Every structure is written in structure tokens, then in C-alpha cells.
Amino acid sequence: MSDSTATGRRPRTRASASETRIRRLEAVVEASQLVNSTLDLKVVADYVVGIATRLIHAERGSLFLVDRAAGTLTSLVAQGVEGEHLTVGIGDGIVGTVAATGEAITIADPYADARFDQRVDRATGFRTRSLLTVPVRDRDDDLVAVLQLLNHRGTGFSRADVGFLAELGVTFAIALATARMHREIVERERMAQEVKLAAEIQRTLLPKDFSSVPGLELVARFQPSYEVGGDYYDIIPTERDSFWLVIADISGKGVAAGLIASNVQAYLWSRRADPRPLEVILREGNDLLYRLTKGRKYATAFVAEWRPVERTLTWVGAGHPPMLLRRDGAIRHLDATGGPLGLLPGLDYTSGSITLAAGDTFLMCTDGVFEAGVECDLDDFGVERVEACFAGTTTAAELADAVSAALARYLAGAHPHDDVTMLCARCL
């Protein structure tokens, strides 16, 4: 019998289901935010397992880290098992099977499944009635952990629960990589240069290999004004045979802006399996960022979805400078289609779309390019000077180099007052 039947309440309404989704999306962002405030992997894991058990209504949860070299998984969190770590071999039991196959497993009656290991239940006196076990993958699609929940308090684990844990797992994998890197560097340098460490971590989360995007030659340039930048760019493969090309600029500079940039990154990666249109995804991202910052921090962003088979580029500009597209010698501006993310709640976004032809070249950049020169009492570098850099260039790398060289000449050796970030592409 469901909770709604037992209490006489009406079944969950569409509004309450929407609220549940918002709470789960907020949890994904909040989990990624935690890594910026602690270097302790155990604290991060406890937080993630706690969120999962609370929002999915499970009695207990565990998180196992994968050790490929040893061929084992060891519990970082095992609620209800005090004072010891659980270790299982890859391929053994439910957790080991998920680690071996990379596929989620939901079981309504574990004792009827031959793979279920009953020893922990016997040792603790706990009775496992149902379980949900999912793989946790990092941005390189490597399996780094396994997350397991026991005993749903209602009618059982659902497909939506599996999807939520997958989203939460993406965020945790990013948090795990960051926390591990923090720990290793801190052990090496004893926190002597905290800001430099943050800058190093930030760069490791930016893409380096652009060859996986079919049909485009891609090149990026990133020059933060401070050691930690507030700009962000990314290449995100979706699960609908497309790629998101992302560039974003967080209000302000330095560490605070860098933390918001990591949250934007975590949110977008958690949405890569979402089948809904880009404008819907950014609308939810806007509301989530506003809930976190109350408008004190916001982000301009330009997100373009490249579909190699159709050769189409669909974009949403959130208060960001236009993307410049050169076709047959003419420059076209692909302008913003909505306001900045996190500045105001309830903003709507629209999208634009264009089919690219071989040789089409485009440039996505932050306002640190267009507005360079203020620190030298010069006029803004401006859009026209950027457009002039297209002349005489053929490849994406030539365009990026031309803009960088023109900026350096214009500033005459002065350091840019703002982060300078570019993502250049040429349709092959």
C-alpha cells in the first residue's frame, strides 16, 4: 500500500513531482559545491550518500571506491557498519558485478538473487529487502566508484531513482577527482600556495583533447587575469549523439568566481543525458544558480549543440557576447537569446539554429576579449578588431593565434584586466 493510500491523501500531483525534481537538481549542484570547502574525501562521500538516501527514501546507503590495480572495491561509506571497511572483489556480489559490468542493478528481493552476499546482514542483524546499485563514472567515462542504497521506504526503487543517482554520480566523480587532487597536492606542498593549487585544479577540469568531436576542428585559449579564473569552457558529449560547446563568464574574478564556474560545469555535465531542448536545460540552470547565489553571483554563457550527422549548430546565449561566424568571407553574429544565468529567477530562453558548411569558421569568446584595453586607458578592443582577425586565417588554430597576437599588440605588454577565453572552430 502506498503512503498516499494509507494516509488518505491524494496521489502526488504534477507540481509536487516538479518540486522533487528541483530538489534533486539542487542536490546535484550542492554536492559538487562541497568539494570547494573540504579536502576530506570521507566528508564528501558522507554528504553524497546522505543526500541520496534522504531524497530517494532509502534506509541505508554505501559508497565503494574502485581500486583497479588491486581488483577490489573498498567502502568509503557504509551506513550501519561501524568501525571497519567492507572490501569486495570486482565481479563478486552485487557491488562487484556493477563494477565489472558498468550497469545499474535494481533488485526487489535480494535473498532470491544468487549474487547477493548475506554475510553483512547476518553480522549486523539488518535485513535487506530491496536494493539499488549504480556505477559512478568520471568525465573520461572511467568507473571510479559504486553507490548502493538499501530498502526503499515506499513501493520500491524506480527508474527515476536510477537516473537521479547517475546524475549525482557525475557530480560526485568530479568532486572525487578534485578532492583527490587537492589531497595529493596538499600532502606534497603542505598548503603553502593555496591559490596556485586552486588554479592547477581548475585547469585539470578543462578539456584538453578536442579530437573526439567529429566534423569540427576545435582550439581553445584560456588566459585568466588572476591565478584562478572565472571563465569556463568545455566540450560535453551528450547521450543523444551531439556535443555541447560551452563558454561561460562568471561575474567577478578570482577564487569566488572559479567556485561558481565549477558549479556551472557540474550542472551541465549532470544534464548530458537529458533529452529536453537546450533552452529548457538552461532555464532550470538559471533558477538553480539563483537559488544558490540569490543574484549575488551570475554567469553569462553561450552553449551551442553540435550535431555532426545533420551538421547543425543550435545555440542558446545567456546574456553572453555574440558568437562570430564567418561564411564565404562575411561575418555573422549569433546573439544572446536570454539573460545571464543566476541573475534573476524565472527567465525564459529561446534557441537559434544554423546548418554549417565546410570551411565555416566561428569564434566563441568572453567579454575579456572585446573589452580588453580598459586597464590601459584605451578604448575597448571591440568586436570590429576581433572580426578583422578572421582575415587571412583558414584554420581554427590560425584564428585563435591571430586574435591572441592582435590583443597582445593592442595592450602593448599590459596584463589583461579580465580573463581572456576563446573557443574557435572550423567545420571540416
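The values are calculated or read from the model by the stated rules, or taken from the named source; none is laboratory data. Note that the coordinates shown come from a computational prediction; the quantities given were computed from them, not determined experimentally. Positions of Cβ are backbone-derived with ideal geometry, glycine not excepted, and every protein chain shown enters the neighbour counts.
Observations on the structure shown:
- Here region 47-71 is the region considered, the condition is being without any contact (Cβ under 8 Å) to a residue 60 or more places away in the chain and part of a helix (DSSP H, G or I), and the residue that is nearest to residue 172 (Cα to Cα) is 47.
- The strands (runs of 3 or more DSSP E) found entirely in region 254-347 that carry 2 or more residues being over 16 Å from the mean Cα position of the chain (by Cα), of a type outside the set (Val, Ile, Thr) and under 25 Å from residue 371 (Cβ atoms) are 312-318, 323-327, 330-334.
- The set of residues in region 396-428 being of a type outside the set (A, V, I, L, M), over 22 Å from residue 218 (Cβ atoms) and in a helix (DSSP H, G or I) consists of 409, 410.
- Every residue from region 301-320 that is among the hydrophobic types (A, V, I, L, M, F, W, C) and either in contact with a Cys (Cβ under 6 Å, 6 or more places away or on another chain) or under 24 Å from residue 261 (Cα atoms) (or both): 301, 302, 303, 304, 306, 313, 315, 316, 318
- Listed by first and then second residue, the pairs with beta-carbon distance under 7 Å, at least 6 apart or on different chains, first residue in region 100-111 and touching a residue at least 24 places away in the same chain (Cβ under 8 Å), second surrounded by fewer than 17 Cβ atoms within 10 Å (Cβ to Cβ) and not in a helix (DSSP H, G or I), are 107/113; 108/156.
- Taking the criterion of being at pLDDT 90 or above, surrounded by fewer than 15 Cβ atoms within 10 Å (Cβ to Cβ) and on the phi < 0 side of the Ramachandran plot, the residues of region 388-408 that qualify are 388, 391, 394, 395, 405.
- Candidates 102, 91, filtered to the one that is under 24 Å from the mean Cα position of the chain (by Cα), on the phi > 0 side of the Ramachandran plot and surrounded by fewer than 19 Cβ atoms within 10 Å (Cβ to Cβ): 102
- When the residues of region 343-374 are filtered to those that are in contact (Cβ under 8 Å) with a residue 60 or more places away in the chain and closer than 20 Å to residue 231 by Cα, the one that is surrounded by the fewest Cβ atoms within 10 Å (Cβ to Cβ) is 367.
- Residues satisfying the stated conditions in region 57-113, i.e. among the hydroxyl-bearing types (Ser, Thr, Tyr) and closer than 10 Å to residue 133 by Cα: 62, 97, 106
- Scanning region 213-252 for residues that are within 12 Å of residue 306 (Cβ to Cβ) and modelled with pLDDT under 90 yields a count of 1.
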